[in-house]
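These notes are about the structure you will find just below.
The values are calculated or read from the model by the stated rules, or taken from the named source; none is laboratory data. It should be emphasised that the depicted structure is a prediction, and the values quoted were computed from it without experimental measurement. No Cβ is skipped: glycine too gets one built from the backbone with ideal geometry, and neighbour counts run over all protein chains shown. We work out accessible area using only protein heavy atoms, side chains counted, and drop any ligands, DNA or RNA first. Shrake-Rupley method; radii C 1.70, N 1.55, O 1.52, S 1.80 Å.
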Amino acid sequence: MSTMPLLNLQLRPIRAADNPPIAQVIRTVSAEFGLTADKGYTVADPDLDQLFELYSTPGSAYWVVELEGKVVGGGGIAPLACSEPDLCELQKMYFLPQVRGLGLARELALRAMDHACAQGFRRCYLETTASLTQAIRLYESLGFKHIDSAMGCTGHVDCEVRMLRKLDETPALTRLFPASE
């Protein structure tokens with residue numbers, strides 16, 4: 001478990017008890033940006049209320065961010081369904097407003113890509129939407145490149161921004177938390 005003592009932040013692997021609060025974070029942030037279930041965004045995923053179980057499968061991992069003991073964000077990595085075995089997907093990166101801009105999304109994405117490399121993945125894919133401009137800038141700064149076509153079968157039909165990154169190109173970046181998990 002990693003902490004940032006000044007803000008009492010923790011970045012840690014998901015636990016079963018985190019299912020309701022992280023699902024609520026995803027629903028809250030989705031509503032904030034108009035990402036509705038009828039348009040095929042993450043908020044419509046059938047496993048949204050069981051993320052601990054979903055990310056307990058081989059090759060997958062999910063981390064949550066806690067502020068003062070309350071789940072305020074999270075993100076994960078998993079094999080990309082219907083794709084080549086060396087391809088994973090950065091998934092469900094959502095953070096409440098009070099922890100945005102602190103570098104937590106960058107830290108979590110780096111941790112997820114480290115995990116993916118350790119699992120043998122060589123490429124990382126993601127999907128997002130154009131209205132999430134801060135997220136897109138983050139992904140670009142991490143070396144993700146825009147691609148024209150969707151990969152795998154994510155079911156997120158309205159995610160018009162698709163990006164891909166080779167994992168052997170991990171940038172040497174300062175980390176907020178030690179990479180112990």
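Here are a few things to note about the model shown:
- Calculated from the alpha-carbon coordinates, the stretch 26-132 shows an Rg and a Dmax of 13.7, 40 Å respectively.
- On the beta carbon distance between residue 148 and residue 122, with R0 = 30 Å, the FRET formula returns roughly 0.90.
- The stretch 59-168 - percent of accessible surface contributed by carbon and sulfur, probe 1.4 Å: 52
- Directionally averaged projected area (the stretch 73-120, Cα convex hull): 3.3 nm².
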